[in-house]
Every structure is written in C-alpha cells, then in structure tokens.
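Here is the structure we will look at.
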Amino acid sequence: MGMNKSILRKKSIEQTLEMTQEEGHSLKRNLGPLDLAFLAVSVCVGAGIFSVSTKVMTQNAGPATILSFIIAAFVCGLAAMCYAEFSTSIPVSGSAYSYSYTSLGEIFAWIIGWDLILELFLATAVIAKYWAIYVTDALHVFGIDFALSFTVAGFTVDFGAAIVVLFFATLLSIGTKLSARVTNTMTCIKIGIVLVIIVAGLIYFNGQNLVPFVPAELPSQDTAVGTLTSTLWGTLTGLGGNHFGVGGIFAGAAIICFAYVGFDTVATAAEETRNPRKNVPIGIILGLGIVTVLYVAVAFVTCGMVNYQDLANFAASQGREVSLATAFLYHGATWQSAVIAVGAAVGLTTVVMVELFGLSRVIFAMSRDGLFPQRWSKTSEKRKTPVGITVVIGIVAALTASLTSVDELADMINIGTLSAFVLVSIGVIFIRKNAREHHIDQTKTFKVPLFPVLPILSAILCLWLMLNLTNITWLRFVAWLLAGFIIYFSYSRRHAKINDE
C-alpha cells in the first residue's frame, strides 16, 4: 500500500491506544484522581497568584482584575470540559497534540504539539527565574544576603534557576509517583500559605480602593513601540486598548490565562493514570475549581487592600516589581511579606516540576509517532519513564533559564496555551463523529454537556482572548510557527510512523 502523503492524515483511536503498549515506549499507570487534582493545583497556584494578579491590576484592569479572573476561569472551564472528554476517549500521553492527531489530522497535531512545546518550555524557564528571585527575597527576609546569580563581564548567570530545573528533571527521571508525592506535599503547604494571605489581607481591606471598579481607559501610544504593545484586536478595529476600561479587562483575562495553565498538564498524564476514564475528568475539574476560588479570593483581597495606582507608584519608588509582597509592604506588614516570599518560593518550585513534566510527555508522544527521532521516546525498563528526553530538555531549559532574559516572552506562554484550547475545542466535535463511525463504545467517557454549543463557544472565546494579546506576541508566535513548518515538511512528515500503517 502506498504512503498516505496527505498532511490531514489521521491516526485512528485504535492505533493511538495500541501504541501505548509498544515495548520500550510505554508508561506506567500509577496516578490517582487526587494526584491529578494536586498536579493541576500545584502548577496553577504559583506565578498566577504571586505575580500575575498584581501585574494585571496595575497595568490592565485595576479592581476589575476580579472580573478578568472570572472571565479567564469561565473560558478555561469550557476548554477543561473538552480536555476531559478527549482524555477519557483517548487516555494517552501528549494531551492536545494526541487529541488533534485523531480528530483533525497530522498537520494540526504538529502545530498544536509545536505550540505546546513553546508554552511548556518557556513556562519552565520563566518560572525558574521567578523562583530564583523569590528565594533570594526569602533568604533576605531571614537576614541571609545570598544571591542566586553572578555577573561575568556584564553578563548575568542565574545559577539558581538552573539548579531547580535540573533537580526536578532528575526527580522526574526517577519516577512520576515519587514526583507526585513531592508535589502533593508542597501543594498542601502553599495552599495553606495562600489562605493565610487572604485572611491577613482582609485586615487592610478598604472598599474605597475598589472605586472606580473599571478605571477609565488610557489612550494607546501612537508610536511604533506603542503599536507593538497594543492588542491585535485594538489594532484591527481601533477599539478597546489594553490599559484599563473594558478592553483592559479582556486584555487582563488573556494574560491571566497563564495562571490557569495546569489542567492541560493533567491531560498529558492520562497515560500514567489508573482508570483514566474516571479519574482524569475528576482531576481536571476539581483542580480547576480549587484554583478558581483561590484566585478570585486573592484578587478581591488584593484590590481592596490598596489602590491600584498607589500600588504601582509605591513599587516604582521602592525599585521593586509589583507583587503581592509589595501590597503588604505598602502597609508596613513585613511579616506577611516574609510569608509571601517563602510561599512563592515553595509554590513556584512545584510549578517548575509540573511544566517540565508536561514538556517531556508532549515530546515523548511526538517522538513515539515519529515526528521527532523515535529514540527520544525510549523509556527505562524498570521505571517506565522517558529518562533520556527528560534529562536533555532539563539541561536545555536550565541553560535557557540561567543564561537568557525570558520575562518579556511570558505572553508567548498564553498564546501557545490558548491556541491549544481552540484546537481541542474544535477537535472534540470531530472525535465524537470518529467514534460513531468506528463503533467505539463511549458510554464510560465524560461528555461535554450542551454539545456542540459549548465546544464551539469555547473555541470562539479562546480565539477572542488570543486577539487581546499584543501585536509583538503575535509576531513572535508566527515566527515560531514558521520554524515549526520547516521542521515538519523537512523531517517529520517523512518519518511519521503512520507512513508504515
């Protein structure tokens, strides 16, 4: 039989499930529903609470940051249900990449896999850098002035960021069950710290700080730099800037999606989950519900503690980045600030691990399909983990985190995430059709309610949030996609295992 050369060729659900049993390329199922829920909470309760919330508050939405969190939660919740249906229909590693391969075709699978690599790789590097910053602050609180970076010939090396990445790359290589136990323990600690922050913040709460709830929109800069930092939607329509007003609320929601990245990482663990058809939906929805409550509570308390303009001015006068700690320092509450520094250090530690876990599993799945060299998906005989690729990406991510300034690329994480959400939302419509055509029993799978209305609404809203990201983010995203197409047409298309079927 001749090779199917179509870029829209699909793997059947049967083929996808059979590949999970391939000798030397299979994973061990040892995670339960609470492991998955903690996995989602551990990656969400981190940068989203400790830094992103105050950034959006001072730069985009003011007190209406509360609405930004709710909007982002609603959109991500719709996408979460689509992930849940996919993960129970096709309980394999690779998340949105694997789902797209069976529902939309190979080219879409490649695009989404390539986007997920962008999202998870940058998230690992960016969060590792945040971790080093907060650990330095935490040490300073206890009178220890020890920098986790050094400068050589004007070049800064953040060795602290490299250490945390390499540590968790090693831990993940040992096994996912041990990694999950470490994650669960540290997640419990940081949830406790977040609850302390909420209670302590209520002491300084003043309802006047919530007025005006939606600040007046600031005009965009009519310069080249101003155009690059404006939203794509604002540029196309001339409406809705990203600094306050209604446009600021949606721009804030687009940024805040970064804080909800987590449930898609749970989907990447489906192949390592006991009874995935039952446990994965529970883990995804439970995890998302917990972090949404925590986020909205923290946003409400923070916006009520201090006026958004006063917080921005105070941070600038102190030469500090705007963060939750800054809000407490504004009131002279140094012990709360110390708790936040320690909580952020603990919180971001697990985020690094989960992002690195998701990255290794996406590359593992793409390699097993032949889109990357198949030796990358080789698993250890004893522990059934992809040791080689985990170590390699750990080293590359560690070097990136320690040697480059990646903070300004954080929005790339959001656009990679949202693009995955769009394709998963569309793909779930096709996967039901595919299951019916192949007479596959889906009675035990989770199903999105109000089908197909909610999946279509999810795709539209995710695309809408993407349009509320900046032009420079879109330009970088297009450049990343072009690089991906070069790799796909020069290597992946010819080496895909589906050619052998």
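The values are calculated or read from the model by the stated rules, or taken from the named source; none is laboratory data. A quick note: this is a predicted structure, and the numbers were derived from the prediction, not measured. So basically every Cβ, Gly included, is an ideal-geometry build from the backbone, and we count neighbours across all protein chains shown.
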### Query
Does segment 408-420 contain any residue that is under 18 Å from Thr470 (Cα atoms), assigned to a helix (DSSP H, G or I), at pLDDT 85 or above and hydroxyl-bearing (Ser, Thr, Tyr)?
yes
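Residue by residue, here is whether (1) modelled with pLDDT of 85 or more; (2) touching a helix residue (DSSP H, G or I) at 6+ places or on another chain (Cβ under 8 Å) holds:
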residue	(1), (2)
Ile117	yes, yes
Ala138	no, yes
Val152	no, no
Phe159	yes, yes
Ala162	yes, yes
Phe167	yes, no
Thr185	no, no
### Unmet criterion (only one of (1) under 19 Å from Leu348 (Cβ atoms); (2) surrounded by fewer than 24 Cβ atoms within 10 Å (Cβ to Cβ); (3) touching a residue at least 12 places away in the same chain (Cβ under 8 Å); (4) not basic (Lys, Arg)) for Leu139
(3)
#### Entry: The listed residue being closer than 25 Å to Phe364 by Cβ and either touching a Pro at 6+ places or on another chain (Cβ under 7 Å) or surrounded by fewer than 24 Cβ atoms within 10 Å (Cβ to Cβ) (or both), out of Ile163, Ile127
Ile163
### Message
Take the conditions of a type in the set (A, V, I, L, M) and within 28 Å of Ala397 (Cα to Cα) and apply them to Ala315. Does it pass?
### Response
no
### Task
Among what's in segment 350-397 and is surrounded by fewer than 24 Cβ atoms within 10 Å (Cβ to Cβ) and either within 30 Å of Thr326 (Cβ to Cβ) or aromatic (Phe, Trp, Tyr) (or both), pick the residue that is modelled with the highest pLDDT.
Phe372
### Task
State the number of residues belonging to segment 183-216 that are buried (at least 17 other Cβ atoms within 10 Å of the Cβ) and part of a helix (DSSP H, G or I).
13
### Query
When residues of segment 398-407 are filtered for being of a type outside the set (A, V, I, L, M) and either at pLDDT 90 or above or buried (at least 22 other Cβ atoms within 10 Å of the Cβ) (or both), how many remain?
1
### Query
Is there a residue being out of contact with any Phe, Trp or Tyr (no Cβ under 6 Å at 6 or more places or on another chain), under 21 Å from Tyr99 (Cα atoms), at pLDDT 90 or above and part of a helix (DSSP H, G or I) anywhere in segment 430-453?
yes
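I want to confirm something. Restricting to segment 239-250 and keeping residues that are at pLDDT 75 or above and not aliphatic (A, V, I, L, M), which single residue is farthest from Thr473 (Cα to Cα)?
Step by step, filter segment 239-250, then rank; the result is Gly245.
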### Message
Yes or no: segment 334-341 includes at least one residue that is more than 30 Å from Ile112 (Cα to Cα) and in contact with a Lys or Arg (Cβ under 7 Å, 6 or more places away or on another chain).
### Response
no
